[in-house]
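One structure is given here, and the rest of the page talks about it.
The values are calculated or read from the model by the stated rules, or taken from the named source; none is laboratory data. Everything quoted here is computed from the prediction, not taken from an experiment. We place every Cβ from the backbone using ideal geometry, glycine too, and count neighbours over all the protein chains shown.
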Amino acid sequence: MAFACTAASKDIVFLSVTARRIPPPSPNPEVSHGPGLEANGRPGRARGGKFARSPGGRPKRFDLPHASVRPSTAPALSGTSRPVVGTLPVNYHLWEGKIRMKVICDRAALVDAVNTAGAIVATRTPTPVLKCLKLTASNADPAGLVISATDLEVGLRIGITEVDVIEEGEAAIPADKLSQIARACDDPTLTIETEDHAVHIRGSGSHFKVFGYDPKEFPPVRDFSDATVDCEINARVLQTLISRTLFAAAVEHSRYAINGVLFERSGSKLRLVATDGRRLAMAVGPAKGTDDRSCIVPTKALKLALKLVNDPDATVRMAIDDNQVLFAFGGGDTPGETAVLSSNLVEGAFPPFDDVVPKEQDKKVTFDAETLGSAVRRAALLTNEESKGVRLSFAADKLILTSRAPEMGEATVEVKLDDYQGDPVEIGFNPGFITDALNVIDSGPITIELKGPNKPGVLKTGNDFTYVLMPVNLQ
């Protein structure tokens, strides 16, 4: 093999290919081997007083403490992995021996699995192997073919049962290319096999040769084999609990104690709580378990968990250890697990939320959720960034919603009330916060409880969902 070296890139470029083997070069001393991804950001500062006000019509904030995210405990990765794509960087190390794998896979099942796992794959990382999906074929696994993905904080193993394993093995292939190829083909099945450093994907009239990475460099992704079950819950119930709380979690990276959803299992109940300081959502459902446990799960993992419920009647198993939580999703009567989701936990104590949930509200009214949602959305049409709030004026027989925005105009919406209890009151809320809650509950009755114009309001659906939101100043 002959080479030429350019001074600018320091890459060795193929000029011609012969059969002569090139010994692996010595490691590059300039390559940095960091400890993996680390949490960045700085803790926020606590605000004084019971509630902190925000000017300009923004909701007030709960006065909540702060905590930090536990840094990733995943193994450090060498930054030297490179694909074979026509150039060989000087610090590239060749694969040792042959890595063989051959499977015939249902294309639709492959597309679904790759799309789900691809949500984890890092798009910007100094370690290129993290942009890959790892494929593991084994006749010993009930799934047959397992696709793994990780960003060192969240990991996923998702199985495909509609597969014929011809030869066991593993491969690491760029996630974007595998996804594009699988979606572009129209064959009912695809053949995937590896030969040395290349992954071959074949259909009835197409053949793709994709240069891959050494699968041994792919970081390990946990399965459920070494886990102790702490909680079992119906998949539909878990899906409902997550959807009713996830939207209220904080997105500010400086408020780490609430940058996730609190899981609390006590007795025969599982309670999920999320807050961003301006609102708080709490949902409760039945669950089985032994010891009482609690943890704070990052929002990224829970967004993925919502996509993994493919059988609402199946049982989801949870395991919590010192620094990670695992969810095992079953597929009905199919043996084994269809997917195992693992995630680092958010470190720190969740705020004492019971202190901010109002206990004695003397003004109550029950609405049909769709009726209230329609009225709020109409009133919000004439709001903007400077005037986000909608005024709700409650009286004995009607609710009047009004909004006003400079240079836009005013809106008035009237709703008839049949069972309002208490004195008349006027209060302002962010309409988006109200519709966020109405979007995740089933159609039916919802109760609003109030105390006064400067006190938090509460939305409830029975005892399984409670939503607290702070008022806004309408001046």
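Here are a few things to note about the model shown:
- Residue, modelled with the highest pLDDT, within region 420-444, restricted to residues that are within 12 Å of Asp368 (Cβ to Cβ) and assigned to a loop (DSSP other than H, G, I, E, B): Ile441
- Some residue of region 169-176 being surrounded by fewer than 21 Cβ atoms within 10 Å (Cβ to Cβ) and within 29 Å of the chain's Cα centre (by Cα): yes
- Top-ranked residue of region 382-402 - restricted to ones that are at pLDDT below 95 and out of contact with any Phe, Trp or Tyr (no Cβ under 9 Å at 6 or more places or on another chain), ranked as surrounded by the fewest Cβ atoms within 10 Å (Cβ to Cβ): Glu385
- When residues of region 136-151 are limited to those that are in contact (Cβ under 8 Å) with a residue 60 or more places away in the chain and among the aliphatic types (A, V, I, L, M), the one farthest from Gly212 (Cα to Cα): Ala143
- When Lys460, Lys451 are checked against the criterion of being over 17 Å from Val376 (Cβ atoms) and surrounded by fewer than 22 Cβ atoms within 10 Å (Cβ to Cβ), Lys451 stands alone in meeting it.
- Residues satisfying the stated conditions in region 368-402, i.e. in a strand (DSSP E or B) and in contact with a Pro (Cβ under 7 Å, 6 or more places away or on another chain): Asp368, Val390, Phe394
- Close contacts from region 108-123, counting a first residue that is hydroxyl-bearing (Ser, Thr, Tyr) and a second that is assigned to a loop (DSSP other than H, G, I, E, B), with Cβ to Cβ under 9 Å and a gap of 6+ residues or different chains, come to Thr116/Leu308.
- Selection of first residues in region 394-423 that are in the same structural domain as Thr447 (by TED's automatic domain parsing) and more than 30 Å from Glu360 (Cβ to Cβ) and of second residues that are at pLDDT below 95 and among the basic types (Lys, Arg), restricted to Cβ pairs under 7 Å at least 6 apart or on distinct chains, gives the following pairs, ordered by first then second residue: Glu410/Arg404.
- Residue list for region 251-264, filter: modelled with pLDDT under 95 and either over 18 Å from the mean Cα position of the chain (by Cα) or in a helix (DSSP H, G or I) (or both): Ser254, Tyr256, Ala257, Ile258
- For region 172-202, the set of residues classified as in contact with a Lys or Arg (Cβ under 8 Å, 6 or more places away or on another chain), at pLDDT 95 or above and among the small types (Gly, Ala, Ser) consists of Ala172, Ala175, Ala182, listed by residue number.
- Some residue of region 233-248 being part of a strand (DSSP E or B), out of contact with any helix residue (DSSP H, G or I) (no Cβ under 6 Å at 6 or more places or on another chain) and aliphatic (A, V, I, L, M): yes
- Of the residues making up region 204-245, those that are free of Cβ contacts under 8 Å to residues at least 40 places away in the same chain, over 28 Å from Leu306 (Cα atoms) and of a type in the set (Ser, Thr, Tyr) number 2.
- Selected residue (only one of Val458, Val472 is out of contact with any Asp or Glu (no Cβ under 7 Å at 6 or more places or on another chain), touching a residue at least 12 places away in the same chain (Cβ under 8 Å) and not polar (S, T, N, Q)): Val472
Residue-wise test of (1) assigned to a strand (DSSP E or B); (2) modelled with pLDDT under 95.
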{"position": "Arg271", "(1), (2)": "yes, no"}
{"position": "Leu280", "(1), (2)": "yes, no"}
{"position": "Ile296", "(1), (2)": "yes, no"}
{"position": "Val309", "(1), (2)": "no, yes"}
{"position": "Val316", "(1), (2)": "yes, no"}
{"position": "Phe327", "(1), (2)": "yes, no"}
{"position": "Glu337", "(1), (2)": "yes, yes"}
